[in-house]
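Accompanying notes for the structure given below.
Laboratory data are not the source of any read-out in this text; all were calculated from the coordinates shown. Bear in mind the structure is a predicted one, so any value in this text is a computation, not a measurement. Cβ placement follows ideal geometry from the backbone for every residue including glycine, while neighbour counts extend to all protein chains displayed.
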Amino acid sequence: MRVDKFFSNIKISRKLVAVFLATSVIAMCVNLFIYINLNQALDKINSVFSSNISLNELSDNLNKTHQGLTGYLETKGTDDLELYFASYQNVKQMMKLLNSNVTDNNVKLAERDIGKMLDTYLKTADEAVQAKRGRNIDEYTAKYNECTRIKDYLNTYIYSVNNEQFRTNSENYMALVNSLRYTEIMSMLIFAVASVMNVLLIIILTSTITRPLTRLSAKAEEIISAGSPENIEPLEVRSGDEVGKVTMAFNEMLASIKDYIARIRTQLITQSEMKEKNLLMETHLKDAQLKYLQSQINPHFLFNTLNAGAQLAMMEGADRTVEYIRNMADFFRYNVKKSSETVKLSEEIELVDSYMYILNVRFAGEMLFEKDIDESLLNVMVPSMIIQPLVENSIKYGIKDLEPGEGKVTLSVYREDGYACIRVSDNGIGTDEEIIEKIMNHEKKPSETRGVGITNVMSRLDLYYNNKEVFEMKSRKNEGTHVTIKIPLEDTNV
Amino acid sequence: MVRKVSRNSIAVTVLAGIVLVLFVATVAGLLYYRKMIKDLNEVQEEVYEEYTRLYAYIAEDPDSKLSKKIYKAFCEYARDNGCYVEMTGQNLSTNYSKADRINIAISSKVDGIILEGDNSEETRELIDKAWNNGIPVVTVLSDNKDSKRISFVGLNDYSVGAEYGKALAELRARDNKQPLTALILLDAEERNYDDMIHTAIIQEASGRYINLSSEKVNTSTPFASEEDVMNKLDALTSMPDVIICLNDRTTESVIQYIVDKNLVGKTTILGYSDTETILKAINKGSVYATVAIEANVLARQCVDALNEYNNNNAEYVSDYFVADYVLINHGNLDSYDPEGSNEGG
């Protein structure tokens, strides 16, 4: 297990090197084994017949010695003597290789006998040479005959030992050939086993490399099939190699993606809450701004002034001026009085009446204003200041530029499908589609003149009725603009 | 996933197990192979022992069963005493004469020669040559009295002859109606001991109505002996009651002749030596009795004489050792051990 752990912490490149090294070492060992065995076997085969070879050489040298001796004794020739001495030395050297001990082994014993006989031969031959030098014919003849006899014995012995050795050597040779066959079979077996071992080792080692990769890719597939990494458990890191590091990085990535998703979710929730709050804030701000504007005009001063104006007009008998100033006072009073959120529809209509009277005085009665009111709806509660801005808009952008007496504004209040509908229509020049669209999409900024009042009204209605679509604006070129507010009756406090 | 991994690791474990088993099997195979090769080499190695001295045994007829038996006894006794006896001239491609074999022994500087001697001049010269070369010679079974041999170990020929004579007397006693005819097959070569035996037999048989005759058998070569026995016996006008053979080969030839000619029961043999054939013939009745040398005693005497000489020099070595023999007949056949573990007699 520790080895397994150790191995799993090694780099992939080193693992691969280890795999190839291991298999190569096995292959090399097998080759070395086969090589050594074959070499040993060959060496042995070579050495088997070496004893025969050396005996033959010995025999050759002995015969040469005898030939030299014979030649010398016959002719006293220098060449013969040289041959004799050279061969004599060779024989002496070769004698040293022979066994000299008494043993119960026939070949070894014969070797010993050969050695001793050679010794006798050489001694006798030397004596013959000496006798030759002393010209003692009888002696060197006797010695030579002795030498010849011993040489014959020696040749017989060498021949016999050679035969015996050849027989033994042949047996050895057969045994060696057998062992060579065993070596061959063994080598083949080991080669086969080593090959199988190599293949298995490669499978094992490569699987330890590829297994973590397979797990990693399986995990990736799991994530893909799940569609989201949120419920995926991280992968266990089992190795310290590159794959282990990639797995760790993968796990960290998985964790950070999960974290990221959670953060985005919280952020979205916070953002929507913020948006809601911002809207409310805006409304309150608008309210505040309005209240601020309203408070700027001292209503009591204004009313007192207007009342003073009205009394003055009355004293002077100017009835129309009195009427005008009263309407003005009413108009402003409404603003002061209706600082609360909701008012009755009838009050809104009265405000429009006052506004129209003032305008008609201003523009010398050129604005036609018609009303078509369903009396039953007069008590419907609506947000304040929603009709007057619409009428003001119709006049300002609809009919202002028409010929005097042609412009006409119609206010209709009627019931339709559970709604109280308030429609302000004009027969003016109409509104561009583009502008309508901008207004409806709340894209119109307060700084842009057209529709400032309308935008304000729309925003307030949206807030009041929780974004229900209660506002509708329609127009055609030169056919005037129709703005309709649909007040849901169930939402109103009648 | 978890299952897949575990299956994978099981597979890896199994593979690793197989690799381990293969590895162990390979190592075991290698060890076995090594041992096998070593055993093969050991078979080739010749096992032998070394000895301090080498003695040469030169028999008259190295191929005779008696010589082989004696040689075997020499080997066994010599080995126990730290020396080795070589049957000179054996295992060679040429069959050398006795003289050559003595020469070989002298040339190869053995520590002593055990020689089956004879009275020839050549043998005497060779024994003297050996002596001059510092090699002591012990003659065995047959002596060369004039030579410089240090000892003679042999049968008392006279007593052997007397044994044959006694056996003849016994046979005569079984059937005393008519004279017993006996034929002695002598060695054609002039050999001292045959004459002694012959004389002893004659002396023992005289006055007992035994007609003794003798024939000389050519024993110079192994094949000649058998042929000559056949010829000699075929040439006889009437088959003798007893044929006395003075060597093992002649004895076996005569046994075969008697069986072939269906003469069992009519002619009996007094044989020499204790080869398997002769012992079987005693059992079957074709051989009445045989004289067998106690080879172990003979070997002990020869090897001891040479060792004594080599250890203490010539003065302390006895000139003559009487070798023991045993007469084997139907009576003591069962108790006789041809391997000679019984040293009495």
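Peptide A:151-157 has a mean of 5 when you count, residue by residue, the C-beta atoms of other protein chains within 10 Å of its C-beta.
Normalised by the number of residues in the range B:199-345, the mean separation of alpha-carbon contacts (under 8 Å, six or more apart) gives a relative contact order of 17 percent.
Across peptide A:100-113, the mean count of Cβ atoms from other chains lying within 10 Å of each residue's own Cβ comes to 6.
Pairs from the list B:65/B:216; B:98/B:232; B:38/B:98 with a Cα-Cα gap above 32 Å: B:38/B:98. Each stretch of four or more DSSP H residues adds -39500 (n - 2.57); spread over every residue of chain A, this sum gives -25000 deg cm²/dmol at 222 nm.
Counting lysine pairs in the range A:56-141 that sit 8 or more residues apart in sequence, or on different chains, and whose Cα atoms lie under 27 Å apart gives 21. Within the range B:104-256, the percentage of alpha carbon pairs spaced more than 24 angstrom apart rounds to 44%.
Kindly express, to the nearest 10 degrees and within the range 0 to 90, the angle between helix B:2-44's C-alpha long axis and the longest C-alpha principal axis of chain B. Around 20 degrees separate the two axes. Whole Å is fine, so just give me how far the alpha carbon centre of the range B:80-94 lies from that of the range A:254-291. When both Cα centres are located, 124 Å separates them. Loop by DSSP (not H, G, I, E, B), at most 15 other beta-carbon atoms within 10 Å: where is the longest site-free stretch of chain A for GluC sites (Glu not before Pro)? Longest run free of exposed loop sites: A:1-235.
Contact order for chain A, expressed relative to its length and based on alpha carbon pairs under 8 Å spaced 6+ residues apart, stands at 10 percent. Computed from point charges on the beta carbon alone (+1 for Lys and Arg, -1 for Asp and Glu), the dipole magnitude for the protein assembly as shown about its Cα centre is near 3120 Debye. Gyration tensor analysis over the Cα atoms of the protein assembly as shown returns equivalent ellipsoid semi-axes of 159, 32, 20 Å (largest first, whole Å). Antiparallel beta bridges, as assigned by DSSP with both residues in the protein assembly as shown, represent about 40 percent of the total such bridges. Here's how it looks for residue B:86: its modeled amide H is under 5 Å from those of B:55, B:56, B:57, which are all 5 or more places away or on a different chain. The angle between the Cα long axis of helix B:121-132 and the longest principal axis of the Cα atoms of chain B comes to about 50 degrees, rounded to the nearest 10. What is the distance in Å between the Cα centroid of the range B:229-280 and that of the range B:109-158? When both Cα centres are located, 32 Å separates them. Computed from Cα positions, the angle between helix A:78-95 and the longest principal axis of chain A comes to roughly 60 degrees. Charge dipole of the range B:157-293 (Cα centre as origin; +1 on each Lys and Arg Cβ, -1 on each Asp and Glu Cβ, all else neutral): 680 debye, rounded to the nearest 20.
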